[in-house]
Structures are given as structure tokens and as C-alpha cells.
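Notes to accompany the following structure.
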Amino acid sequence: MYIVIVGGGRVGYYLARALLNEGHEIVLLEKNARFCDIINEELGSICLQGDGCEAATLAEVGTGRADMLVAVTGDDEDNLVACQVAKHKFNVPRTIARIRNPQNEAIFKKLGIDVTVSATNIILEAIEKEVPTHPLTHLLMRSDKGLEIVEVRITSDAKTIGKPVKAVSLPEGTKLALVIPMNRKPVIPNPNTIIREGDQIVALTSLELEEELRAKLTGL
Amino acid sequence: MKIVIMGCGRVGAQLAGILEQDGHEITVLDIDAYSFRRLPPDFRGTALLGNGMDEEVLRRAGIEEADVFVAMTQGDNRNVMAAQIAKHIFNVPRVLSRIYDPLRQEMYETLGLEAFSPTTIFAELVKEKIEE
């Protein structure tokens with residue numbers, strides 16, 4: 001694939017390196033001449049000095065035949081504009097923007113950016129997973145579809161311990177996918193599966209229902 | 001009319017002053033409180049410290065009741081993003097933005113933003129002066 005990367009900071013550099021290793025054709029756009037020199041020295045001549053938000057720069061690197069544009073500068077507004085120019089002027093089929101402010105996720109979606117990656121959210125999710133007492137962990141979010149996969153932990157104070165799944169009235173629109181007990185093999189839950197202390201229950205839900213789901217599953 | 005102006009630079013501040021004289025209700029936004037010194041001494045509108053690309057700040061600026069939003073910061077991309085938030089998220093009836101880069105201005109015009117490029121306008125103006 002031919003991929004244009006906008007922003008030659010740390011994210012841009014490592015992304016370019018990884019994609020080059022996978023055999024893709026890469027061009028990296030970076031405003032700062034010094035960063036460009038370093039990248040070209042280390043990765044070969046893939047970096048062009050220029051503003052990736054400018055149509056002229058994007059035309060110069062042949063963005064019209066790019067399969068994807070990834071904007072990973074440190075400024076949300078620059079990433080938005082680079083993606084929009086790529087999409088509307090060069091018909092790039094897939095645009096990906098890095099965002100710093102998690103609030104911007106919904107805005108970017110609404111403004112036509114295909115994929116957004118929020119480092120802040122990723123860090124939060126990673127920390128949630130490592131905090132053993134955290135009652136609910138987000139495993140996967142598809143905010144465009146309003147869907148998410150979460151993991152609920154059954155802590156020792158849960159009121160549902162010892163009860164079968166059917167005794168729990170789950171909110172409509174949510175579904176249990178997997179129960180991972182502490183010391184046994186994971187099982188796909190059926191109505192008679194007994195909830196036990198230490199269980200990690202993987203469930204499909206919507207953003208609005210996640211809190212209700214957690215409350216019903218733990219009885220807390 | 002209720003008008004929200006983002007960016008209290010020379011143009012933003014002057015615009016706020018003359019619009020207020022015409023009796024409009026003005027809120028000016030800037031990320032630097034020092035910029036508000038540019039407002040006329042008798043300015044009676046609201047000067048609000050905050051980032052106009054932040055939905056929460058825009059709400060505090062009264063964007064939900066605004067008739068007009070003007071993006072006037074130094075950054076083209078900032079203006080573009082704020083203008084799109086005002087137009088597509090808050091449905092402000094009239095949204096204007098300054099985009100220095102003529103190519104970008106052209107593109108966002110075709111995408112339905114009311115944008116003007118001081119670069120083009122000023123170049124044309126000087127050309128006319130020379131040729132008159």
C-alpha cells in the first residue's frame with residue numbers, strides 16, 4: 001500500500017519504521033527540517049519537508065494515488081485538516097487521525113474522518129486493565145456504532161456470587177459473551193452458569209448501558 | 001444579533017468593537033488574557049478566556065444561542081476546526097472563518113464553509129491600487 005504520514009515526531013517516526021518493515025511504500029511529511037534530516041538518515045529518503053495540511057505539498061508527494069493518509073502531528077486541528085484535504089481534494093479512501101483531546105473523537109467522526117486514535121483513551125484503558133479492583137474495563141470501543149465490549153470483575157463483595165446468570169436481569173441490548181473464572185478455563189455462559197468470585201465477565205453493551213450492566217452483574 | 005468571535009487579535013478586537021457599536025451582543029474568546037487589552041476601553045461585551053475548539057468553552061460562550069460565529073485566530077487549521085464545530089455540532093446559522101492559505105480557503109468554501117482569505121483579498125486590493 002502507499003501510505004502518506006503527516007507529522008514526523010515520535011509517533012510518525014515509529015509508525016513509518018513499522019510500516020516500512022511490513023513492505024509498504026511510505027512518505028512522511030514534516031515541517032521541521034532538522035527532524036526530516038534525522039529521519040532520512042535513519043530510514044532512507046522517505047521524509048519530505050513541508051506542511052502536510054497544504055494541498056500543494058500533498059500533491060507533490062502524489063497523495064492522489066495514496067491508499068491511506070495517517071495524520072499524527074501533536075495538534076488535533078492540524079490532523080483534522082490534513083485528513084480533510086486528503087479526503088476531499090485527493091479522494092484518499094482511508095484517513096486516520098491521532099487526537100489528543102478525547103472530546104474530539106465524536107467531532108472528528110462527524111466531520112468525516114474514518115478512524116481516530118486517542119492516546120489518552122488508550123492509556124486510560126491500559127491503566128484500567130492493570131488496576132485489579134476496577135469494576136469495569138473497556139476492551140474494545142466502536143463509538144461510531146455505539147457498541148463496546150467490556151469486562152466486569154466480580155469482586156468479593158458482589159451480591160450476585162453463587163447465583164446463576166438467569167437470575168440476573170440484564171439490561172436489554174446487552175449480552176454476555178464469555179466468563180473467565182479465576183482458576184478454570186473460560187466458558188461461554190448459559191443461563192445456568194453460576195457467577196463466582198473473581199470471575200471476569202466479558203460482555204457486549206452500548207455506552208449508555210455499561211453502568212447498568214455492571215450494577216446488575218455485581219448487584220452493587 | 002448574538003455574535004461569538006474567536007481570537008482577540010487586532011482584527012478580532014476591532015471587529016468586536018465596531019459590531020458592538022452597532023448594538024450587537026458580543027462574546028470574544030481568546031486563549032491569552034493579555035490579548036483582551038486590544039478591546040476598546042468602553043467594550044461592554046464578554047471577554048472569555050478559553051480555547052474555541054473546546055465544545056465546553058463554546059457552550060460557556062453561549063454558542064447555542066449565537067446567530068453568528070467568527071473564527072479569527074492566527075491559525076488556519078484552528079479556525080477551520082472551530083468553524084466546523086460551530087456549524088456542524090452547534091448548528092450556528094452563520095459561520096465565518098479566516099483562512100490565510102488561498103488553497104485551503106477554496107477547498108473549505110466548496111465544503112460549505114463561509115471562508116475568506118486575507119491573502120487573496122489584500123493582494124487584489126494592492127493590485128487594484130497599483131493599476132488604477
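No value in this document is a laboratory result; all are computed from the given coordinates. All figures in this text were calculated on a predicted structure; none of them were measured in a lab. Here the Cβ positions follow ideal geometry from the backbone for every residue, glycine too, while neighbour counts run over all protein chains shown.
Averaged over peptide A:54-67, how many Cβ atoms belonging to another chain are found within 10 Å of each residue's Cβ?
1
If I build a Gaussian network model for chain A, linking alpha-carbon pairs within less than 10 angstrom, which residue out of A:A177, A:A97, A:A82 has the largest mean-square fluctuation?
Sorting by GNM fluctuation, first place goes to A:A177.
Straight-line reach from A:K185: which lysines fall under 27 Å, measuring Cα to Cα and dropping same-chain residues less than 8 apart?
Of all the lysines, those that pass the test against A:K185 - Cα under 27 Å, at least 8 places apart if same chain - are A:K129, A:K159, A:K163, A:K166, A:K175, A:K216.
Excluding B:L125 itself, calculate the net charge of residues whose Cβ lies under 12 Å from the Cβ of B:L125, where each Lys or Arg counts +1 and each Asp or Glu counts -1.
Computed value for this residue: -2.
Identify all lysines with a Cα-Cα distance to B:K2 below 24 Å; exclude those on the same chain that are fewer than 8 residues away in sequence.
Within reach: B:K87.
What aspartates and glutamates could a cross-link reach from A:K87, if we take a straight Cα to Cα line under 17 Å and drop same-chain neighbours fewer than 8 places away?
Qualifying aspartates and glutamates at Cα under 17 Å: A:D51, A:E54, A:E60, A:D67, A:D76, A:E77, A:D78, A:D114, B:E106, B:E109.
Note down the nm distance, to one decimal, between modelled labels 7 Å out along Cα→Cβ at A:E208 and at B:D22.
That separation, rounded to one decimal, is 4.2 nm.
Tell me, what is the FRET efficiency for A:I194 and A:T120 to the nearest 0.05, using R0 = 30 angstrom and their Cβ-Cβ distance as r?
0.20
Return the tail of the calculated pair distribution for chain B, meaning the percent of Cα-Cα pairs more than 22 Å apart.
On the way: 3058 of 8646 pairs.
More than 22 Å apart: 35 percent of the Cα pairs in chain B.
For region B:30-65 and region A:68-124, what is the separation of their C-alpha centers, rounded to whole Å?
Distance between centres, Cα-based: 27 Å.
Take B:E128 and B:R10, extend 7 Å from each Cα along the Cα→Cβ direction, and tell me the distance between the two endpoints in nm.
Here the modelled spin labels are 2.0 nm apart.
Which FRET efficiency value, to the nearest 0.05, do you get for A:Q103 and A:L140 by plugging their Cβ-Cβ distance into 1/(1 + (r/R0)^6) with R0 = 22 Å?
0.60
Quick check on the protein assembly as shown: of the DSSP beta bridges with both residues there, what percent are antiparallel, nearest 5%? Let's see the in-between values first.
Details: 19 of 59 bridges.
Looking only at bridges with both residues in the protein assembly as shown, the antiparallel portion is about 30 percent.
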